[in-house]
Amino acid sequence: MEYLTKKDQMTQKGSHFPIFASYSTKDIDQVKPVINLISEINGVGIFFADQSLLPGDMISRKIIQHIKEAALFILFFSENANGSTYVQQEIGVALGQNKIIIPILLDGTKPTGMLADVHYLNLYDEERKYSEVNRLYKFIVEGVQKKNQNQLLGALAVLGIGYLLLSGGSSEEYDE
């Protein structure tokens with residue numbers, strides 16, 4: 001996918017909109033271009049195990065921590081992912097944490113079970129690939145914007161409460 005850009009640093013630490021990427025390492029060549037594109041979105045951080053895990057990390061603990069912190073769980077689904085114990089466990093943690101899960105189909109294998117009715121994006125159909133990646137990109141940008149707006153509203157609310165507390169809760173002292 002030549003239209004995708006690259007970025008070396010792909011972690012979610014300190015990001016406003018953390019994303020967890022679940023995939024089979026056998027599919028990494030199909031997954032990386034999409035991860036690279038998403039990582040270019042300002043405010044997004046992606047936990048991408050192949051580049052986010054450090055030597056000595058407790059893999060299961062790190063994965064669970066990042067799934068819990070994620071605003072979005074992107075599942076790169078394929079026959080390989082369907083057969084991966086790690087991917088299946090990651091899906092279970094994401095479901096248990098009530099995460100928004102976006103399955104991205106890399107081949108004709110479709111999610112079953114609890115993910116059977118989750119709307120997915122289709123990247124294995126060459127005619128739809130570009131538009132599907134754009135839909136994902138726009139969805140994430142909107143998520144970042146919404147989260148930023150909510151954080152701004154929260155900060156304004158805290159400032160307003162602080163002002164009321166400091167001013168004694170009334171404006172009578174300014175009336176003359």
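None of the figures in this text is laboratory data; all of them are computed from the coordinates on show. Given the structure is predicted, the values throughout are model-derived calculations rather than measurements. Cβ sites come from the backbone with ideal geometry, for glycine too, and all protein chains shown count toward neighbours.
Miscellaneous remarks
- Extension gain, residue 134 back to residue 65 (0.36 nm per residue minus Cα-Cα distance, nm): 22.0 nm
- Peptide ranges 55-64, 30-39, 131-140 listed from the most packed, as the mean C-beta count within 10 angstrom indicates: 30-39, 131-140, 55-64
- When Rg and Dmax are taken over the Cα atoms of segment 17-169, they come to 18.1, 64 Å.
- Per-residue HN-Hα couplings for segment 18-35 [Karplus 6.51, -1.76, 1.60; θ = phi - 60°; Hz; x = Gly/Pro]: x, 10, 9, 9, 10, 6, 8, 4, 5, 9, 4, 5, 7, 7, 3, x, 5, 4
- Between residue 105 and 77, 121, 122, 123, the built amide H atoms are under 5 Å apart, and every one of these is 5 or more places off in sequence or on another chain.
- Cut-off under 5 Å, modelled amide H: who pairs with residue 19 long-range: 45, 46, 47, 71
- Distance in nm between pseudo-label sites at residue 117 and residue 51 (7 Å out along the Cβ direction from Cα): 3.7 nm
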